[in-house]
Amino acid sequence: MSRFYGSIQGSRGEATRCGTPSSGMSGHIRGWHVGARVEVVDRGGVDVCRVFKTSGSSGHTTSRLLAEYTDKECDSMKTYHAYTVKEAERVGELLCQLGIGYTRSGGGSKEIVIHG
C-alpha cells in the first residue's frame, strides 16, 4: 500500500497516483487566475499537509502558504488571517461548502477561526 495516494476528477474521468515517503505527493488545481496547490510530505515519519493559494494558469504571482498541518493538528482549532476582508469572505464560503465549521469576529474581520 502507498504511503500517499491522490485522485483528481475532470472531463476525461478520474486519474489516481501514488507517492512514497521520499517522493511525497502534490497537485495543482487551477483556473486562469486562481488556483490551489496541495502537498503532502513525510517529515520525520509524520505526514505534513501544505495548502497554497496560487495565481492559476497565468502564474503571474508567487504562491502563498495558506495552511500547514499534521493529523494531530487537525483535531484542534486553527486561526487563518486573510489579507483582505473579501479574501476572508471567500475562505468562509469555501469552508461552508466543505462543511467545515468556522467563526469570524464580525463583518469587517480578516480573522477566521476554523473548528477542527
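Every number here is computed from the coordinates shown, using simple stated rules; none is lab data. Bear in mind the structure is a predicted one, so any value in this text is a computation, not a measurement. Neighbour counts run over all protein chains shown; Cβ positions are idealised from the backbone, glycine included.
With an 8 Å Cα cut-off and a minimum separation of 6 or more residues, compute the relative contact order for region 24-74 in percent. Could you put the intermediate results ahead of the total?
Working: 107 pairs, mean separation 15.6, N = 51.
Once normalised by length, the contact order is 31 percent.
How much mean residue ellipticity at 222 nm does the chain get from its helices, if each DSSP H run of length 4 or more adds -39500 (n - 2.57) and you divide by all residues, to the nearest 500 deg cm²/dmol?
-3500 deg cm²/dmol
Treating the beta-carbon of each Lys and Arg as +1 and of each Asp and Glu as -1, no other charges, what is the dipole magnitude of region 24-74 about its Cα centre, to the nearest 20 debye?
For this selection, approximately 280 debye.
List the trypsin sites (Lys or Arg not before Pro) in region 28-92 that DSSP assigns to loop (not H, G, I, E or B) and whose Cβ has at most 11 other Cβ atoms within 10 Å. Which are they?
On the way: sites: Arg30, Arg37, Arg43, Arg50, Lys53, Arg64, Lys72, Lys78, Lys86, Arg90; in loops: Lys72.
Sites meeting the loop and neighbour criteria: Lys72.
Can you work out the FRET efficiency for the pair Cys18 and Glu87, with r the C-beta to C-beta distance and R0 = 30 Å, to the nearest 0.05?
Values: r = 34 Å, r/R0 = 1.13.
Working from the Cβ atoms, E equals 0.30.
Apply the a/c threshold of 1.5 to the C-alpha gyration tensor of region 76-116 and tell me whether it is rounded, prolate or oblate. Mind dumping the intermediate values first?
Details: a/c = 1.93, a/b = 1.33, b/c = 1.45.
In terms of gyration-tensor shape, oblate.
Give me the Debye-computed log₁₀ of I(q)/I(0) at q = 0.22, 0.23, 0.27 Å⁻¹ for region 12-56, equal point scatterers on Cα only, no solvent, two decimals.
For the requested q values the scattering log ratios are -0.81, -0.85, -0.95.
Only Cα pairs under 8 Å and at least 6 apart count here; give the relative contact order of the chain as a rounded whole percent.
Relative contact order of the chain: 15 percent.
Magnitude of the Cβ-charge dipole of the chain, K/R +1 and D/E -1, about the Cα centre, nearest 20 debye?
320 debye
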